[in-house]
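Asker: The structure is given below, and queries will be raised subsequently.
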Amino acid sequence: MSEAQRKDTPEQAEFRKYCQDWLAENHPGRPPVKLPQGALELSDPAALEWLQKWQKSAYDAGLIGCDYPVEVGGGGKDNCQDIANFEMQKAKTPYLPNIIGMGMAAPTVFFHAQDEVKAELLPKLLSGEHIWCQGFSEPGAGSDLANAQTFAERDGDNWIINGHKVWTSLAHFAEWMILLARTSKDDKYNGLSYFVVPIRENLDKGVTVRPLIKMTGETGFNEVLFDNVVLNDRYRLDDVGAGWKVAMTTLAHERGAGPIVTPSSGGMSLEEDESAQTSSVYALIDLAKQQARNGKTAADDPLIRDELMKMMIRSESFKQNQRRANVPPLVDHPMRIPLQFKLVATEFAQDLQQVAYEIEGAASSLYANDENAPASGRWPLAYMNSFGVTIAAGANEVQRNILGERVLGMPKSK
Ligand SMILES: Cc1cc2nc3c(=O)[nH]c(=O)nc-3n(C[C@H](O)[C@H](O)[C@H](O)COP(=O)(O)OP(=O)(O)OC[C@H]3O[C@@H](n4cnc5c(N)ncnc54)[C@H](O)[C@@H]3O)c2cc1C
């Protein structure tokens, strides 16, 4: 029996058994199309459609949104999402496509929208039928998010929106956007308001979505332009001028520190070969065993063995640190482990993928889909994508500032 199972209440144990039985019967199997390494790189409509079907079936079965109230399309359960997530990971299901919707938009709508708007939007968000995107960053407002200049001007019961958002992941597929916009130029923080915008239905009414191509050649994110887009006031969340407070709900969940557990599935290898992952030390060891080096393999090279051992020690330390979250006497500050997670996980994956370059040597310059590239070129691709992950959801430097200020109690940075 696992550590998680030992702590289950009778209701949770029953739900866990239900998840296990359902997943044994309903695992979607291997994808019929090539999936990118993560949902933020989705650009093929066929891949999205297959993943949406998977999310909908898991939602209909009650494995997604289980802790939200029934009135807003949830399962009405208590502390069960963690259980569903754990069982989906264990069953190695594919990832869920609506990650911005579930991780950021859903808790923000839930805590700040009017009741009818929650009931209107949350069921299709949780089922994955409506993909959501996040319209926060602008050319002059990334880390300094409160500098957002996209402007919403009041016009009776409507708002007229003009501005320019950038790095908007999944906007090319999104029905809805969570939008931080300025409603007053007089006050940096209190001049912001928060809206949800149906961007797809406004594509011929002032919304333009333009893809941005990453250094990997993938097009997961976009810039989104608003030109006199009309939005009804019912889609404002919370008070006019309370946008910064609402954005904090979004950011707390984006950084893994909010009160609602995000539905997450995953663990399925995207390749036929189970060892073809790019985020585990075991996969790196397999790579080293396959790469020739001085008449032997890279795994026989003492310098490479040294690097592999260092990564193994970090991987185990990371796992043990995460386990502390379940042992109250070892949790000195409630935000420490959630806030550390993004920082440590993204930098660990990046360093791991860098060791793959040393293992592959000159062949690491062969890129994804080159037939001579070791492991189909997936390690260099993962390494290049790893930089985006250290920046997305707030740059790691800024995350360090937050940890320093809020957890360690250090003086606030200027
Ligand atoms: C893959 C990816 C997906 C993204 N998806 C979305 C999305 O869907 N929606 C959205 O709104 N945004 C998205 N973003 C944007 C992301 O939130 C911003 O890139 C991020 O907040 C950094 O802002 P910036 O790019 O403007 O960099 P800047 O804020 O200009 O920062 C530049 C550098 O300065 C450093 N820096 C800035 N301020 C400080 C400080 N106070 N202390 C120390 N160092 C500092 C940063 O760490 C960084 O290294 C995405 C980004 C990426 C890479």
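The values are calculated or read from the model by the stated rules, or taken from the named source; none is laboratory data. Computed from a predicted structure; not experimentally measured. Positions of Cβ are generated from backbone atoms using ideal geometry, with glycine treated the same way; all protein chains shown enter the neighbour counts.
Asker: Considering every residue within the range 128-138, establish whether at least one is farther than 23 Å from W50 by Cβ, within 15 Å of the ligand (Cβ to nearest atom) and free of Cβ contacts under 8 Å to residues at least 60 places away in the same chain. Talk me through it step by step, then tell me what you get.
Answerer: Start the filter on the range 128-138 by keeping residues that are farther than 23 Å from W50 by Cβ, which leaves 134-138.
Checking which are within 15 Å of the ligand (Cβ to nearest atom) leaves us with 134-138.
In the following step, the residues that additionally are free of Cβ contacts under 8 Å to residues at least 60 places away in the same chain were identified as 137-138.
Yes, some residue in the range 128-138 is farther than 23 Å from W50 by Cβ, within 15 Å of the ligand (Cβ to nearest atom) and free of Cβ contacts under 8 Å to residues at least 60 places away in the same chain.
Asker: Now for a separate question. Go through the range 334-364 and give me each residue that's exposed (fewer than 13 other Cβ atoms within 10 Å of the Cβ) and modelled with pLDDT under 90.
Answerer: Selection gives P334 alone.
Asker: So which of P32, P28 ends up being within 12 Å of M88 (Cβ to Cβ) and in a loop (DSSP other than H, G, I, E, B)? Show your work before the answer.
Answerer: Numbers: P32 fails: within 12 Å of M88 (Cβ to Cβ).
Residue meeting the stated conditions: P28.
Asker: Does L125 satisfy the criteria of being under 24 Å from R234 (Cα atoms), of a type in the set (A, V, I, L, M) and either in contact (Cβ under 8 Å) with a residue 60 or more places away in the chain or within 16 Å of the ligand (Cβ to nearest atom) (or both)?
Answerer: Answer is yes for this residue.
Asker: Could you list all residues from the range 355-388 that are more than 16 Å from the ligand (Cβ to nearest atom) and in contact with a strand residue (DSSP E or B) (Cβ under 9 Å, 6 or more places away or on another chain)?
Answerer: Passing the criteria: I359, G361.
Asker: Can you name the condition, by its number, that D78 falls short on among (1) surrounded by 15 or more Cβ atoms within 10 Å (Cβ to Cβ); (2) under 27 Å from R323 (Cβ atoms)?
Answerer: Of everything listed in (1) surrounded by 15 or more Cβ atoms within 10 Å (Cβ to Cβ); (2) under 27 Å from R323 (Cβ atoms), D78 misses just condition (1).
Asker: Here is a check on your reading of the model: is N372 surrounded by fewer than 20 Cβ atoms within 10 Å (Cβ to Cβ), of a type outside the set (F, W, Y) and in a helix (DSSP H, G or I)?
Answerer: Considered against the rule, which asks whether it is surrounded by fewer than 20 Cβ atoms within 10 Å (Cβ to Cβ), of a type outside the set (F, W, Y) and in a helix (DSSP H, G or I), N372 comes out as no.
Asker: Still on this structure, I have one more. I'd like the residue in the range 1-13 that is in a helix (DSSP H, G or I) and surrounded by 12 or more Cβ atoms within 10 Å (Cβ to Cβ) and, out of all such residues, is modelled with the lowest pLDDT.
Answerer: Ranking the candidates gives A4 first.
Asker: For the list (1) at pLDDT 95 or above; (2) within 14 Å of the ligand (Cβ to nearest atom); (3) over 17 Å from D238 (Cα atoms); (4) in contact with a Gly (Cβ under 8 Å, 6 or more places away or on another chain), I need the number of the one condition that K185 fails.
Answerer: Condition (2) is where K185 drops out.
Asker: Being part of a loop (DSSP other than H, G, I, E, B) and away from the ligand (no atom under 16 Å from the Cβ) is the filter here; which residues of the range 212-239 pass it?
Answerer: Applying the first criterion (part of a loop (DSSP other than H, G, I, E, B)) to the range 212-239 yields 213-220, 238-239.
Residues satisfying the conditions are D238, D239.
Per-residue answers, yes or no, for (1) closer than 30 Å to G409 by Cβ; (2) small (G, A, S):
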position	(1), (2)
D332	yes, no
A356	no, yes
L366	no, no
R378	no, no
